[in-house]
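J.: Just passing along the structure, written as structure tokens.
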Amino acid sequence: MTTAPASLVEAAKDALLSASAPAPALRPDLVTSWQRSKEALGSPVNIRDVPQVGLDLLDSHLLEMFQAPLAPVSDELDGTGLGLLLADSGGRILQRWAHDHSVADHLDRLGTVRGADLSEAAVGTNGVGTVAATGRSVQITGNEHFADFYRSAVCTGSPVWHPVTGRLLAVVTISSRITERAGLVRPLTPSLPAPLRPHAGGAEG
């Protein structure tokens with residue numbers, strides 16, 4: 001997957017928001033996500049902050065299930081400028097791992113903390129909520145996000161499926177500022193423990 005030039009992305013988003021035809025040559029999954037975001041939120045200017053739920057409402061059993069397999073993955077990210085996020089199937093952040101202070105500060109500025117609601121209905125297109133909405137792996141970069149305050153971020157998220165029921169259990173996302181280090185995300189994907197790899201039926205957007 002290649003990222004379209006920022007100017008083309010901006011033109012396509014402006015066209016969609018003004019109800020004219022979107023510019024061509026953009027990923028259909030991205031445009032569809034913008035459409036869902038527009039229906040739920042109207043305009044990016046309406047998204048002023050990230051909603052949060054009480055920590056007592058988070059699924060502690062799901063967090064316990066993923067804590068051990070994700071810990072070594074987060075250790076691999078130490079010094080890379082990348083942070084690791086675990087969300088439930090509704091896009092609510094259960095836990096984040098950020099060894100680097102710069103990463104923690106970046107996530108804090110974006111409101112990406114435990115209890116943050118990153119569903120598309122809350123903040124629009126992003127690397128957590130869009131995975132939760134579609135059940136498909138996706139990378140969202142810069143102004144591909146619906147909300148303006150995510151313009152400095154790149155997030156690559158993957159769904160995690162229940163091995164028996166096939167239902168969506170969680171979303172695992174690697175997030176960072178837009179830098180050359182963001183290219184490390186794809187080589188790190190095979191390091192995920194087998195139960196956390198994207199479902200065989202999921203295609204990367």
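J.: Please enumerate the residues belonging to region 29-69 that are closer than 23 Å to R109 by Cβ, among the aliphatic types (A, V, I, L, M) and open to solvent by less than 70 Å² (accessible area, probe 1.4 Å).
T.: Scanning region 29-69 gives L41, I47, V50, V53, L58.
J.: Suppose we keep only residues that are surrounded by fewer than 18 Cβ atoms within 10 Å (Cβ to Cβ) and either part of a helix (DSSP H, G or I) or in contact (Cβ under 8 Å) with a residue 60 or more places away in the chain (or both) within region 89-110. Which one would you say is farthest from the chain's Cα centre (by Cα)?
T.: Among those that are surrounded by fewer than 18 Cβ atoms within 10 Å (Cβ to Cβ) and either part of a helix (DSSP H, G or I) or in contact (Cβ under 8 Å) with a residue 60 or more places away in the chain (or both), it is H101.
J.: What are the residue pairs meeting all of these: first residue in region 28-54, first residue modelled with pLDDT of 95 or more, second residue open to solvent by 80 Å² or more (accessible area, probe 1.4 Å), Cβ atoms under 9 Å, and 6 or more apart or on different chains?
T.: Close Cβ pairs (under 9 Å, with a partner that is open to solvent by 80 Å² or more (accessible area, probe 1.4 Å)) amount to Q52/R114.
J.: Counting only residues that are surrounded by fewer than 24 Cβ atoms within 10 Å (Cβ to Cβ) and in contact with a Leu (Cβ under 9 Å, 6 or more places away or on another chain), how many does region 171-184 have?
T.: Summing the residues that are surrounded by fewer than 24 Cβ atoms within 10 Å (Cβ to Cβ) and in contact with a Leu (Cβ under 9 Å, 6 or more places away or on another chain) in region 171-184 gives 3.
J.: Here's another thing I want to ask about it. Could you say which residue among S152, S119, S137 is open to solvent by 30 Å² or more (accessible area, probe 1.4 Å) and not charged (D, E, K, R)?
T.: S152
J.: Which residue out of H106, H99 is modelled with pLDDT under 95, of a type outside the set (V, I, T) and within 19 Å of Y150 (Cα to Cα)?
T.: When all the criteria are applied, what remains is H106.
J.: Which residues, taken from region 128-174, are of a type in the set (A, V, I, L, M), out of contact with any Lys or Arg (no Cβ under 7 Å at 6 or more places or on another chain) and closer than 16 Å to P44 by Cα?
T.: I140, A147
J.: Just one of (1) surrounded by 24 or more Cβ atoms within 10 Å (Cβ to Cβ); (2) in a strand (DSSP E or B) trips up L84, so point out which.
T.: Looking at each condition in turn, L84 falls short on (1).
J.: Restricting to region 155-170, what's the tally of residues that are surrounded by fewer than 18 Cβ atoms within 10 Å (Cβ to Cβ) and among the hydroxyl-bearing types (S, T, Y)?
T.: 1
The values are calculated or read from the model by the stated rules, or taken from the named source; none is laboratory data. Quick caveat: nothing in here was measured; it's all calculated off a predicted structure. Heads up, the Cβs are rebuilt from the backbone with ideal geometry, glycines too, and the neighbour counts pull from every protein chain shown. Keep in mind that these areas ignore ligands, DNA and RNA; they rest on the heavy atoms of the full protein, side chains included. Shrake-Rupley method; radii C 1.70, N 1.55, O 1.52, S 1.80 Å.
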